[in-house]
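**Student:** Here it is, the structure in full.
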Amino acid sequence: MKLTLRVWRQKNAGADGAMSTYEVDGISPDMSFLEMLDTLNEELTLEGEDPVAFDHDCREGICGACSLVINGDAHGPERTTTCQLHMRSFKDGDTIDVEPWRAAAFPVVKDLVVDRTAFDRIIQAGGYVSVPTGSAPEAHATPVPKPDADLAFEHAECIGCGACVAACPNGAAMLFTSAKINHLNVLPQGAPERETRVLDMVAQMDDEGFGGCTLAGECATVCPKGIPLTSITGMNKEWLRATAKGAGR
Amino acid sequence: MARTVWNSTVGKKTVMAVSGLIMLLYLVAHMLGNLKIYFGAPEFNEYAHWLRTMGEPLLHYEWALWVVRVVLVVAVVAHAVSAYQLSRRDIKARPSKYVHKKARASYATRTMRWGGIILALFIVWHILDLTTGHVHSGGFEEGKPYQNVVDTFSTWYGNVIYIVAVLAVGLHIRHGFWSAAQTLGVGSRTRDRALKALANVLALLLTIGFLAVPVGVMTGVVS
Ligand code: HEM
Ligand code: SF4
Ligand code: FES
């Protein structure tokens, strides 16, 4: 396959960026999107140019490191992570636009790499359960009803990639935050911190400069893990419950 | 707690949802009341008079009406202020646009802000037109709402302004009602289709019901 790539290039956080056009040839439909970018970078390196910076780690669709808005879609045209997107989703001769996640809370570090530490701070605000350390407890000591376990598991699938923020017209982190809250709040292990968790995480989300939810639903459409839009409804419910109980900081 | 609510994106959205639902409830009653115009001038005018004597003798003349007015003003102001503040925040949270643009979300979803602004302007015009009579086209007469309504819908601009506003209400409710359910945490996967259907039915009924009045005047059924 021969492709034309238009890629966002930006030297550093302070610099102005712009789209640059590159031609790549010899792309196999079996390559992943990131392998295609590797090919481009090899050529760029040989030509003595600065390779395109992009985030990646596991390349298995489980770590949440990869990103990229491809032709206007976060993680590209398929419902998967960019690392699991294959070039067979494109046609020979296509022009592909590649841009970084766009949100005030995700500033561009370089080229296609953005700073997603705002997510880490949301997790630090309450996305955990406090447990005494020691040997692992007996798994059956805390019974979890099957529907609760399923709900927790569904939300635990969130890999923190940030595609939901990138796709949201308001740069909101509601889907990510709600996935984390619903995951822990439904479990008995998460119960002691149920109220403070939702209040603190939502407050942190607001402090980071993410936008609010207008129920546009773009987040759930692009989420590679299928976190549903109703997850946000669940977070709202938890937040209202905790606020009514007067559990604020 | 009030501070927690007002300072949080989730809380402010709750204010929008509750105030929106209060206005929606009022609009349903308002639409049904308007339809009485099809029963002729005496009955319509008598209905309008009853709105002022409502609650008597427990309440004084117009007291109940003023309670409704105050609740509505509070709802409109709370709704508009939170809409403004949340919108400002949303725009700031997404400062740079994508080079590759895609058509996104439904029309009703994308027009909430502009539709809301149209509604705010309409509310002002509507009150000046049919409540106080300041911008009324004919000789406005208090206590004669039937004739006032016929006069308004006998002008082309009266019809245009009103019809645009009613269509805006329909779209606003279509996305708004379902949104409010999510904001208040009562939506769920199993209820989603029912809520969307209910939003569509409400939007459609309000649109048709409100449009029936100018259409009645334009076709001469109401004159
Ligand atoms: C003063 C004029 C108005 C303005 C400026 C306005 C603006 C807005 C905006 C910007 C939204 C949020 C849209 C979004 O989330 O995408 C909204 C939501 C809503 N509006 Fe309005 N609107 C107005 C009048 C009305 C009226 C007259 C009604 C009632 C019939 C109404 C009912 C609602 C409802 C139920 C919501 C959903 C709240 C939620 O998302 O939780 N609005 N409005
Ligand atoms: S909710 Fe989905 S899109 Fe958002 S961070 Fe988690 S996995 Fe990524
Ligand atoms: S690189 Fe780990 S999910 Fe894509």
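The values are calculated or read from the model by the stated rules, or taken from the named source; none is laboratory data. Please read all numbers here as calculations on a predicted model, not as lab measurements. With ideal geometry, Cβ positions are generated from the backbone for all residues, glycine too; neighbour counts draw on all protein chains shown. Calculation scope for accessible area: heavy atoms of the full protein, side chains included, ligands and nucleic acids excluded. Shrake-Rupley method; radii C 1.70, N 1.55, O 1.52, S 1.80 Å.
**Student:** Quick check: anything in region A:60-67 away from ligand 3 (no atom under 13 Å from the Cβ) and either within 14 Å of another protein chain (Cβ to nearest Cβ) or open to solvent by 20 Å² or more (accessible area, probe 1.4 Å) (or both)?
**Tutor:** Initially, region A:60-67 is screened for residues away from ligand 3 (no atom under 13 Å from the Cβ), giving none.
No, region A:60-67 has no match at all.
**Student:** Being open to solvent by 80 Å² or more (accessible area, probe 1.4 Å) and out of contact with any Ser or Thr (no Cβ under 9 Å at 6 or more places or on another chain) is true for just one of B:PHE44, B:PHE39. Which residue is that?
**Tutor:** Working: B:PHE44 fails: open to solvent by 80 Å² or more (accessible area, probe 1.4 Å).
Criteria check complete, one pass: B:PHE39.
**Student:** Also, quick follow-up: In region B:72-98, which residues are farther than 19 Å from B:GLY176 by Cα, of a type in the set (A, V, I, L, M, F, W, C) and open to solvent by less than 70 Å² (accessible area, probe 1.4 Å)?
**Tutor:** Scanning region B:72-98 gives a single hit, B:ALA93.
**Student:** A further question on this structure: Which of the residues belonging to region A:192-249 are of a type in the set (Gly, Ala, Ser) and farther than 15 Å from B:VAL10 by Cβ?
**Tutor:** A:GLY209, A:ALA216, A:GLY217, A:ALA220, A:GLY226, A:GLY246
**Student:** What number goes with the only condition from (1) open to solvent by less than 10 Å² (accessible area, probe 1.4 Å); (2) within 16 Å of ligand 3 (Cβ to nearest atom) that A:GLY160 does not pass?
**Tutor:** (1)
**Student:** With the requirement that a residue be outside any helix (DSSP H, G or I), more than 23 Å from A:ALA104 (Cβ to Cβ) and at the interface with another protein chain (Cβ under 7 Å from one of its Cβ atoms), what does region A:191-243 give you?
**Tutor:** A:PRO228
**Student:** Could you say which residue among A:PHE210, A:PHE176 is buried (at least 23 other Cβ atoms within 10 Å of the Cβ), in contact with a strand residue (DSSP E or B) (Cβ under 7 Å, 6 or more places away or on another chain) and in contact (Cβ under 8 Å) with a residue 40 or more places away in the chain?
**Tutor:** On the way: A:PHE176 fails: in contact with a strand residue (DSSP E or B) (Cβ under 7 Å, 6 or more places away or on another chain).
Being buried (at least 23 other Cβ atoms within 10 Å of the Cβ), in contact with a strand residue (DSSP E or B) (Cβ under 7 Å, 6 or more places away or on another chain) and in contact (Cβ under 8 Å) with a residue 40 or more places away in the chain holds for just one of A:PHE210, A:PHE176, which is A:PHE210.
**Student:** On the given criteria, is A:ALA141 under 23 Å from A:VAL98 (Cα atoms) and out of contact with any Pro (no Cβ under 6 Å at 6 or more places or on another chain)?
**Tutor:** No: the conditions fail for A:ALA141.
**Student:** Does region B:62-98 hold any residues that are without any contact (Cβ under 8 Å) to a residue 12 or more places away in the chain, away from every other protein chain (no Cβ under 12 Å) and touching a Lys or Arg at 6+ places or on another chain (Cβ under 6 Å), and which are they?
**Tutor:** Hit for region B:62-98 is B:GLU62, nothing else.
**Student:** In addition: Suppose the filter is away from chain B (no Cβ under 14 Å), open to solvent by 50 Å² or more (accessible area, probe 1.4 Å) and within 16 Å of ligand 3 (Cβ to nearest atom); does A:ARG79 pass it?
**Tutor:** Values: away from chain B (no Cβ under 14 Å): yes; open to solvent by 50 Å² or more (accessible area, probe 1.4 Å): yes; within 16 Å of ligand 3 (Cβ to nearest atom): yes.
Taking the combined requirement at face value, the residue satisfies it.
**Student:** Another question about this same structure. Answer yes if at least one residue in region A:3-11 is aromatic (Phe, Trp, Tyr), farther than 19 Å from A:ASP115 by Cβ and surrounded by 19 or more Cβ atoms within 10 Å (Cβ to Cβ), and no otherwise.
**Tutor:** Narrowing region A:3-11 to residues aromatic (Phe, Trp, Tyr): A:8.
Remaining after also requiring farther than 19 Å from A:ASP115 by Cβ: none.
No, that holds for no residue.
**Student:** On to the next question. Here are the criteria: (1) over 21 Å from the mean Cα position of the chain (by Cα); (2) open to solvent by less than 50 Å² (accessible area, probe 1.4 Å); (3) among the hydroxyl-bearing types (Ser, Thr, Tyr). Tell me which single one A:THR45 does not satisfy.
**Tutor:** (2)
**Student:** Do the conditions hold for B:SER19, that is, is it closer than 25 Å to A:LEU199 by Cβ, more than 10 Å from chain A (Cβ to nearest Cβ) and either open to solvent by less than 40 Å² (accessible area, probe 1.4 Å) or without any contact (Cβ under 8 Å) to a residue 24 or more places away in the chain (or both)?
**Tutor:** Working: closer than 25 Å to A:LEU199 by Cβ: yes; more than 10 Å from chain A (Cβ to nearest Cβ): yes; either open to solvent by less than 40 Å² (accessible area, probe 1.4 Å) or without any contact (Cβ under 8 Å) to a residue 24 or more places away in the chain (or both): yes.
Taking the combined requirement at face value, the residue satisfies it.
**Student:** Give the residue that is surrounded by the fewest Cβ atoms within 10 Å (Cβ to Cβ), with candidates limited to residues of region B:99-122 that are within 12 Å of ligand 1 (Cβ to nearest atom) and within 10 Å of chain A (Cβ to nearest Cβ).
**Tutor:** If we take residues in region B:99-122 being within 12 Å of ligand 1 (Cβ to nearest atom) and within 10 Å of chain A (Cβ to nearest Cβ), then B:SER106 is surrounded by the fewest Cβ atoms within 10 Å (Cβ to Cβ).
**Student:** What helices (runs of 4 or more DSSP H) lie completely within region B:35-122 and have 1 or more residues being farther than 30 Å from A:HIS75 by Cβ? Please lay out each step first, then the result.
**Tutor:** Details: elements: B:41-53, B:63-92, B:107-110.
Passing ranges, in order: B:41-53, B:63-92.
**Student:** Look at B:GLY133 and say whether it is within 14 Å of chain A (Cβ to nearest Cβ), small (Gly, Ala, Ser) and open to solvent by less than 30 Å² (accessible area, probe 1.4 Å). Let's see the steps before the verdict.
**Tutor:** Values: within 14 Å of chain A (Cβ to nearest Cβ): no; small (Gly, Ala, Ser): yes; open to solvent by less than 30 Å² (accessible area, probe 1.4 Å): yes.
No.
**Student:** Quick one: which residue in A:ASP120, A:ASP148 is open to solvent by 70 Å² or more (accessible area, probe 1.4 Å), more than 10 Å from every other protein chain (Cβ to nearest Cβ) and either of a type outside the set (Lys, Arg) or away from ligand 3 (no atom under 16 Å from the Cβ) (or both)?
**Tutor:** On the way: A:ASP148 fails: open to solvent by 70 Å² or more (accessible area, probe 1.4 Å).
Step by step, each of A:ASP120, A:ASP148 is checked, and only A:ASP120 is open to solvent by 70 Å² or more (accessible area, probe 1.4 Å), more than 10 Å from every other protein chain (Cβ to nearest Cβ) and either of a type outside the set (Lys, Arg) or away from ligand 3 (no atom under 16 Å from the Cβ) (or both).
**Student:** Within region B:160-181, does at least one residue satisfy the condition of being over 19 Å from the mean Cα position of the chain (by Cα), modelled with pLDDT of 95 or more and open to solvent by 20 Å² or more (accessible area, probe 1.4 Å)? Before the answer, list the steps.
**Tutor:** Of all residues in region B:160-181, those over 19 Å from the mean Cα position of the chain (by Cα) come to none.
Among the residues of region B:160-181, not one is over 19 Å from the mean Cα position of the chain (by Cα), modelled with pLDDT of 95 or more and open to solvent by 20 Å² or more (accessible area, probe 1.4 Å), which makes the answer no.
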